Amino acid sequence: MTLLASLLSQLESPTLSYNQRALLRCQLAKGLEETGDYEAAREAMSELWKRFGERPRLEGLDQSTAAEVLLRIGVLTGWIGSKRQIPDAQETAKDFISESIPAFERMSNAKVAEAQTELALCYWRTGDYTKARLILNEVLAKLWTEDELKARALIRLSMAERSVNRWNEALEILLDDAELFDRITNNTLKGSYHNNLANIWEELGKDKKREDYTDRAFVEYAAASYYFEQADHRPYLANVENNLGFLYFKTGKFKEAHEHIERACQIALTFKDKYILGQYEETRARVFLAEGENVEAERAARTSVTILEQSGQQDLLAEALITHGIALARLRFYSQSYATLQHAIEVAQGAGATSHAGKAALVIMEELGEHLSPRKAKTFSKRNLIEEVRSYEYDLIKQALILSKGRVTTAARILGVSHQRLIYIIEKRHKDLLSLRRPAQRRPKSLIHHHPKSKS
């Protein structure tokens, strides 16, 4: 009998007290979270939590049990809110988790650390990476035991470092504790460890043009896929397969790319989040574009747009619209492409996704500039299309260079273009922005400590 089945069986006992039932429900919900089934976890807490966003019912619970309920519902609020893109969900999650901490402080240091680790994740989701890093460093300074809690905190600290482009620091955090991740038995955490390593190696491989780093990314993604499959965490498994497909696409291995993207789509069909299929179809469309299969690319991109229009995830929709616009342009449906890319700019601006808006503007200029009628060109403004888009392009690049403190690689990442492409655009079209570029620095031979690879 599995742990989840055992907990369900125990809940049927009529001899349980109200506090015992509440604690069992928290255990059951936590187990379901480990498989990515957040809706089932929410249902497990329904006796204590009637509606998402509402306070849990704590009447009749002792102090320690009430703290457990607050923590679990806070964590679930964060996960579900992130998945559904619900405004203010992370703030509500923070409130519930923070409310649980004073009670834990009177009982258990480990529970305080667990709550703080979950609180840090909420800060990370809202983009407050500095706060997330501070909390996680405080947690790790107090943790003396080598267990799953420390492993979870390390993974999240690595994520926070990645989010501020501290890739080498993120890598070192994970490699320094490779033995811990070998020892733990939680397959979801082991999969997350290898997935984060893969993300880092992929980025470093791209940044430093190191094929051996990219090869390590392939190995780590494969290990992550294995562990997520063992954990039966289908959302994470599908995501890793899509990541593998995208990396094969980037390395020109289109057959393998299609195989992994198809597997991601098939896995996604087995769980309730249909919108994730929209992301995978967009990846598939990119592969078709690279192969010159423009009809198939247009079909996949159109499917992606149709799905994501219902998801509320505007940044992903903008990306899919850009891909669809490119496919339409390659098929010579120039008017439809222009309308689609204009819509992408509007959606991206509404979502605050500056890089997507800039990318759409670049695509209009590069794919459509010479094909639009004068009447359509003037719809951008009174100036002609090229001038308007270049002005928009200039502002976006300038903003990205300021945000990145002149680091072209970071600015390119913000804008969603390659380093080489951004350099070309600046040197050919916006030479006065060269003054904002940080002078190139000679790099040491290796920025990365060499560690033996952990077992997969």
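Comparison of 203, 146 shows that the only residue that is over 19 Å from residue 98 (Cβ atoms) and not in a helix (DSSP H, G or I) is 146. Among the numbered conditions (1) within 19 Å of residue 33 (Cβ to Cβ); (2) surrounded by fewer than 21 Cβ atoms within 10 Å (Cβ to Cβ); (3) at pLDDT 95 or above, the only one that residue 83 does not meet is (3). The number of residues in region 56-95 that are outside any helix (DSSP H, G or I) and either touching a Pro at 6+ places or on another chain (Cβ under 7 Å) or touching a residue at least 40 places away in the same chain (Cβ under 8 Å) (or both) comes to 5.
For (1) of a type in the set (D, E, K, R); (2) surrounded by fewer than 24 Cβ atoms within 10 Å (Cβ to Cβ), each residue gets a yes or a no:
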| residue | (1), (2) |
| --- | --- |
| 220 | yes, no |
| 236 | no, yes |
| 240 | no, no |
| 246 | no, yes |
| 277 | no, yes |
| 307 | no, yes |
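Only one residue in 197, 149, 154 is buried (at least 23 other Cβ atoms within 10 Å of the Cβ) and over 25 Å from residue 286 (Cα atoms), so which one is that? On inspection, the qualifying residue turns out to be 154. Confirm whether residue 313 is within 30 Å of residue 230 (Cβ to Cβ) and surrounded by fewer than 22 Cβ atoms within 10 Å (Cβ to Cβ). So residue 313 fits the description; yes. Being more than 20 Å from residue 324 (Cα to Cα) and in contact with an Asp or Glu (Cβ under 9 Å, 6 or more places away or on another chain) holds for only one residue in 221, 227, and it is 221.
Would you confirm, using the coordinates I've provided, whether residue 43 is surrounded by fewer than 19 Cβ atoms within 10 Å (Cβ to Cβ), without any contact (Cβ under 8 Å) to a residue 60 or more places away in the chain and part of a helix (DSSP H, G or I)?
yes
Against the conditions (1) of a type outside the set (Gly, Ala, Ser); (2) farther than 26 Å from residue 281 by Cβ; (3) at pLDDT 90 or above, residue 380 satisfies every one except (3).
All conditions but one from (1) more than 20 Å from the chain's Cα centre (by Cα); (2) modelled with pLDDT under 95 apply to residue 268; the one that does not is (1). Residues in region 316-369 that are buried (at least 17 other Cβ atoms within 10 Å of the Cβ) and charged (D, E, K, R) were compared, and the one that is nearest to the chain's Cα centre (by Cα) is 319.
The values are calculated or read from the model by the stated rules, or taken from the named source; none is laboratory data. Here the structure is a predicted model, which is why all the values come from computation and not from measurement. All Cβ positions, even for glycine, are placed from backbone atoms using ideal geometry, and neighbour counts span all protein chains on display.
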